[in-house]
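Q: Got a structure for you, questions after.
What follows draws every value from the coordinates through simple rules; no lab data is involved. No experiment lies behind these values; they were computed from the predicted model shown. Every residue, glycine as well, gets a Cβ built from its backbone with ideal geometry; the counts of neighbours run over all protein chains shown.
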Amino acid sequence: MRCLLKVVKKDTPIKQIKTSDIEDFKKYYLTKEKPHKLGGVNLNLRNIRTLLRWCAQEQMIKQTPSIKMLKEPK
C-alpha cells in the first residue's frame, strides 16, 4: 500500500481510489526513473486488490476499482 501512496495523495480517502489511480500506479513504476519488474508491480497490484476487496467486504467502500494485472512473459 505504501507504493500506491507514492502515486496517490497521502490524504486521499480510500473511497476515492479509482481505476485511473491504479493505471497511474502502473505507469509510475514502469518508467525508467522507477524501474520495477513486471512481477514486482503485479505483486503490489495483488496486495492493493486484496486490501480494496477487504474494504468492500467490510462496507468501507461500495465497490472495488477494476485492477488488471500486467502480462508477464513465460
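Q: So how tilted is helix 38-57 from the main axis of the chain? Cα-based, degrees 0 to 90, rounded to 10.
A: 0
Q: Oh, and also: Considering only Cα-Cα distances, which of the following residue pairs are longer than 28 Å: 10/68; 32/68; 32/62; 34/62; 9/74? Present the calculation step by step, with values, prior to reporting the outcome.
A: On the way: 10/68 23 Å; 32/68 21 Å; 32/62 35 Å; 34/62 32 Å; 9/74 35 Å.
Table pairs above 28 Å Cα-Cα are 32/62; 34/62; 9/74.
Q: Right, next: How far is helix 19-29 tilted, in degrees, relative to the longest principal axis of the Cα atoms in the chain, given as a value from 0 to 90 rounded to the nearest 10?
A: 30
Q: Using only DSSP helix segments of four residues or longer, with each worth -39500 (n - 2.57), what per-residue ellipticity at 222 nm results for the chain after dividing by its residue count and rounding to 500?
A: On the way: 3 runs with 35 residues, N = 74.
Result for the chain, helices only: -14500 deg cm²/dmol.
Q: If you place +1 on the Cβ of every Lys and Arg, -1 on the Cβ of every Asp and Glu, and leave all else neutral, what size is the dipole of segment 22-74 about its Cα centre, to the nearest 20 Debye?
A: Details: 12 positive and 5 negative charges, 47 e Å.
Around 220 debye, computed over segment 22-74.
Q: Label-point separation (nm) for residue 60 and residue 10, each offset 7 Å from Cα along Cα-to-Cβ?
A: Roughly 1.8 nm, to one decimal.
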